[in-house]
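The values are calculated or read from the model by the stated rules, or taken from the named source; none is laboratory data. The structure presented is a predicted model; accordingly, all values stated were derived computationally and were not measured. Counting neighbours? That spans all protein chains shown, and the Cβs are built from the backbone with ideal geometry, glycine included.
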Amino acid sequence: SFTIDESKREQQEQVARELIDSCLKEGARTIIVDIGNKFDVLLQINSSKNNLNTDKVRFWCYYDNPEPYVPGGYSLKAEETIKASQYILFANKNLAKITSIIYSLPEKHIDLKDKTAEGIGYYPIEEVEKLIEKRYLESDSLRAENGWTNVKYLFVYFGGNNDAYFDQAFPAFLSSLSQIDKNIVKDIVFLLHQHPAAKEQNRDGILLREWLMQQNYIQAIISTLKTSDQAQIVADAALYYQTSMAPQFSLIGLPTVQVGHEVYHDVLVKFNLCYTTTNSNELAVALQNMKDKSQSSDKIQQHKGLIYNAIGYTPDWPTNLYRIIFDYK
């Protein structure tokens, strides 16, 4: 037995062929391949090699991120997978427009010429609505379970899982945090909620522990919460560098700051829906402001329409997806 990521290319090729054959034997008309790792590229390449993209069966490359460019490697993987694909499916329906541009690098376009692009308008809005309710009903009990009842401010840093995050963004955050006046951070507990795929190597966890040994007054711990939903339920504010969850933070009313080595111009930044910091002075201001205020329900409602438009969300996305899977002409 072996895992896909650790296996040799020959083994991955074999698994890709067997997986495709299995889907075809089951009579699959539509096969949607995510953008996540090199194996996804192999699936697309094998479908192209065998000329499987026909009227009877279509292989779609699924671009699930709402942003046209994602740092840290996602967009480079997207370029590879899209290059091997004829059909491109975007969660953000805006990205499927002829006038839209997506990028593999900040200044390098991904060529969509001669590709068939469709958008379904998906974002997990149902989960957002549930989170709003759970923050009201479950926050106190969940904080009590974890010994955080007396924590005045619980600020959650939502971690990433790429080299840009591990080597640049997270170290920049820690460096800025170490320079902030004690009076600003003395009543804040910083909770690092790691990306699920980052826990095994624990690069950010190790970095945090080593950094804490040099700090005298900053309180920071690694989250043992099971899900990012739980982290959002207990949070008084959210910190991040890059995550597709960012629109969610604003939609549920979390004061939010994007913090890192440079500004990443995502939806929240473009529409001034979060603080941005790349140094200790900016971070100090953001932390103080997030302590002083939370978002009102009226402001959240104003943000909602703006964010929905920006992330290309539409409530009838299930109908759009059904059409792609079962009735695409």
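A few notes on this one:
- Selected residue (only one of I221, I252 is surrounded by fewer than 19 Cβ atoms within 10 Å (Cβ to Cβ), over 23 Å from G36 (Cα atoms) and in contact (Cβ under 8 Å) with a residue 12 or more places away in the chain): I221
- Qualifying residues in the range 197-211 (those that are surrounded by fewer than 16 Cβ atoms within 10 Å (Cβ to Cβ) and in a helix (DSSP H, G or I)) - the one nearest to the chain's Cα centre (by Cα): A197
- Counted residues, the range 1-30 - those being surrounded by 10 or more Cβ atoms within 10 Å (Cβ to Cβ), at pLDDT below 85, of a type in the set (G, A, S) and farther than 12 Å from S47 by Cβ: 1
- All told, P66 falls short of being part of a loop (DSSP other than H, G, I, E, B), in contact with a helix residue (DSSP H, G or I) (Cβ under 6 Å, 6 or more places away or on another chain) and closer than 26 Å to Y313 by Cβ.
- With respect to (1) outside any loop (DSSP other than H, G, I, E, B); (2) touching a helix residue (DSSP H, G or I) at 6+ places or on another chain (Cβ under 7 Å), the lone exception for G72 is condition (1).
- Failed item in (1) under 25 Å from D163 (Cβ atoms); (2) at pLDDT 95 or above; (3) of a type in the set (S, T, N, Q), with S244 passing the rest: (2)
- Evaluation of N150 against (1) in contact with a Lys or Arg (Cβ under 8 Å, 6 or more places away or on another chain); (2) in a loop (DSSP other than H, G, I, E, B) (one fails), failing number: (1)
- Positions within the range 254-289 being in contact with an Asp or Glu (Cβ under 8 Å, 6 or more places away or on another chain) and in a helix (DSSP H, G or I), in sequence order: V267, A284
- Within the range 225-241, restricting attention to residues that are part of a loop (DSSP other than H, G, I, E, B) and surrounded by fewer than 23 Cβ atoms within 10 Å (Cβ to Cβ), the residue that is nearest to the chain's Cα centre (by Cα) is T227.
- Qualifying residue in the range 123-146 (condition: small (G, A, S) and part of a loop (DSSP other than H, G, I, E, B)): no
- Annotation: H265 fulfils all but one of (1) surrounded by fewer than 18 Cβ atoms within 10 Å (Cβ to Cβ); (2) closer than 16 Å to V156 by Cβ; (3) not charged (D, E, K, R); the unmet one is (2).
- Odd one out for N279, checked against (1) of a type in the set (S, T, N, Q); (2) in contact (Cβ under 8 Å) with a residue 12 or more places away in the chain; (3) under 20 Å from L95 (Cα atoms): (3)
- Test: residue in the range 212-220 that is part of a strand (DSSP E or B) and at pLDDT 95 or above: yes
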